[in-house]
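The values are calculated or read from the model by the stated rules, or taken from the named source; none is laboratory data. This one's a predicted model, so the numbers in the text were calculated from it and none came from an experiment. Ideal geometry is used to build each Cβ from the backbone, glycine not excepted, and the neighbour counts take in all protein chains shown. For accessibility, only protein heavy atoms count, side chains too; no ligands or nucleic acids. Shrake-Rupley method; radii C 1.70, N 1.55, O 1.52, S 1.80 Å.
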Amino acid sequence: MSSLRVLRHLYISSRVIQQARHITETKPCRNTYLLNNCTAMTVMPVRCYAKKKGKKHNSKIDVSRSADDDILDLNDVKAKMQAVLDHLKDEYVKQLTVRTTPGALDHIVVSTNDGKIPLNQLGQITMKSSQKFTINMISSPQEVNAAVKAIQNSGMNLNPSSDGTIITVPVPKVTKEHRESLAKNAKGLCDKTKVNLRNVRSKVMNDIKKHKDHSSKDTLRLLEKQVQQITDEFNEHAEHLLTSKTKELLGH
């Protein structure tokens, strides 16, 4: 009787093993496990996907006051960068003015024996037409030649002539090509301004690093972030000036 039980147990075991082999051979993508009670179990593989990383948003920090006034005066940094931006504004007025606009000659400075004096203080500038300016130098007749020279050297490609105390300034017609050339120069001046802003930034960053042995890393890192944010803001201001000036020059 015991022999029959043994044979029966061996028979059942062999059948279970055969079924497990059959499952493994026909479905190789599954993992089959034979449990202690001789029952076959198949496990479907599950593929895990990494979560998509969201875009990083650089939040702005407070730049109204320095993280450490003893190390860095943020107002001084802003003042230096503002000076760079103001220089760009001046250059746009002096060098990149469409000549037919009233006041186009107001920025010209004349070198006299009494120092440098604005042209509009030495004579009365009148725009006779879109093609001609006249300057009445009756109040400063001795400065006529100096005024003519200043106009010639203004970078506006003007060729003035004088007759007594009257200076006549013919204005060439402003062509599309000339406007596009001025707009190109405007971009060049803006790019130069950005370089000057970076130079201010680099100097300030170097000054901050000099305190690494006496200040915490967190404080220095925060100061650097403040300086970078201020630099970015002034770069944006420069871009706005360029956009506005380009529209003006191209007549849009």
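Brief remarks follow.
- Any hit, region 140-158, residues being modelled with pLDDT of 95 or more, of a type in the set (S, T, Y) and open to solvent by 20 Å² or more (accessible area, probe 1.4 Å): no
- Extreme residue, surrounded by the most Cβ atoms within 10 Å (Cβ to Cβ), among residues of region 159-185 that are at pLDDT below 95 and among the small types (G, A, S): A183
- Region 148-193, residues that are polar (S, T, N, Q), in contact (Cβ under 8 Å) with a residue 12 or more places away in the chain and closer than 25 Å to L242 by Cα: S154, N157, N185, T193
- The set of residues in region 199-248 that are of a type in the set (D, E) and either surrounded by 16 or more Cβ atoms within 10 Å (Cβ to Cβ) or more than 16 Å from the chain's Cα centre (by Cα) (or both) comprises D207, D213, D218, E224, E248.
- The set of residues from region 94-119 being out of contact with any helix residue (DSSP H, G or I) (no Cβ under 8 Å at 6 or more places or on another chain) and surrounded by fewer than 15 Cβ atoms within 10 Å (Cβ to Cβ) comprises T101, P102, G103, N113, D114, G115, K116, P118.
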